[in-house]
1. With 10 angstrom as the radius, rank 68, 112 by how many other C-beta atoms surround their C-beta, starting from the fewest.
2. Suppose each label sits 7 Å from its Cα in the direction of the beta carbon; what would the residue 38-residue 126 distance come out to in nanometres?
3. If I fit a long axis through the Cα atoms of helix 190-204 and take the longest principal axis of the Cα atoms of the chain, what angle between them do I get, 0 to 90°, rounded to 10?
4. What is the gain in length, in nm to one decimal, between residue 239 and residue 184 on full extension, counting 0.36 nm per residue of separation less the C-alpha to C-alpha distance?
5. Calculated from DSSP H runs of 4 or more alone, at -39500 (n - 2.57) each and per residue, what is the 222 nm mean residue ellipticity of the chain, nearest 500?
6. What is the helix-to-structure angle for 301-319, meaning the angle in degrees between its Cα long axis and the longest Cα principal axis of the chain, kept from 0 to 90 and rounded to the nearest 10?
7. On a 0 to 90° scale, report how tilted helix 253-264 is relative to the longest principal axis of the chain, with both axes built from alpha carbons and the result rounded to the nearest 10.
8. Out of the DSSP beta bridges found with both residues in the chain, what percent are antiparallel (nearest 5)?
Ligand code: NAD
């Protein structure tokens, strides 16, 4: 039985990945500062550890065949744009120590979760942006410390491969969303925040919601089930360079809000307020993804939003809004 460590297993993608790997027949260890918030983990073993610390990384990776490195201090644009020092410090320590501990313990394969935030700001200054190819990451100019750290950790993985023959895989996620992720408290991302605002509007009968910026900023959004399928396929492939994993259908934030309101069955008034928006436009070029994995994400934005909205409306209802 293959033994896999998932770091960040108390978080959104890590928790879903643990369940997915269990369904594939793996023995799974989860590691995180915290347990999953919304349902019990499916992991065989779950260790609550601070992975900024070397000795904890050694303990977590011991006896593992594969490591899926998803642990990170992260959140939506509000969090990322306001915590540069903390993010760069914490995530550098987590990734440097997890990678070296995995190598020290003889792990066979290592997957690093990078982000579309590595792409340079100068390629994302228009709403009608050209989809980003993997090689567009250079010359480097990520917008935030979060993206700079991801880029450095990508390079570290590539150097471990070149210098030590350590098998690393690097995936660049583009806005992953779905149930069982942060939906309130400041770390939630746009789809979850909009679902919460629209569910609250529906339940309260006050149909005005706030949107950061003018609502014309564009993104693509990828449903969580496609994300874990893509992670699994990439780990099994022999592709060793960074690879996009996301949808290539771009929508504005206003359009996203309208789609969610339609799912909720209400009309909303959008009030545009000042707030962090990130880059002006971003989309994934999936040419390489299709070539390498012979697969691209399959779940439509409408279907993913429907599943997510149903879950978040239930959370809002339970919280007493
Ligand atoms: P998340 O915040 O839900 O999960 C990250 C987990 O890491 C959290 O549970 C957190 O407690 C844990 N963590 C933080 N500091 C830790 C520490 N010192 N020791 C141990 N655990 C620690 O985020 P997510 O959305 O599941 O993201 C998973 C990975 O994917 C991250 O590396 C993130 O940067 C990357 N990513 C996510 C997205 C997205 O759209 N969700 C996009 C691009 C990249």
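1. Numbers: 68 30, 112 24.
If I rank by nearby Cβ atoms, fewest first, I get 112, 68.
2. 3.7 nm
3. It works out to around 40 degrees.
4. Details: separation 55, 0.36 × 55 = 19.80 nm, distance 3.64 nm.
Gain in length upon complete extension: 16.2 nm.
5. Working: 10 runs with 131 residues, N = 321.
One gets -13000 deg cm²/dmol as the mean residue ellipticity at 222 nm.
6. That works out to roughly 80 degrees.
7. With rounding to tens, the tilt is 80 degrees.
8. Values: 3 of 40 bridges.
Counting only bridges with both partners in the chain, antiparallel ones make up about 10 percent.
All of the numbers you see were taken from the coordinates with simple rules; none came from a lab. Small disclaimer: the values here were computed from a predicted structure and weren't measured. Backbone-built Cβ (ideal geometry, glycine too); neighbour counts: all protein chains shown.
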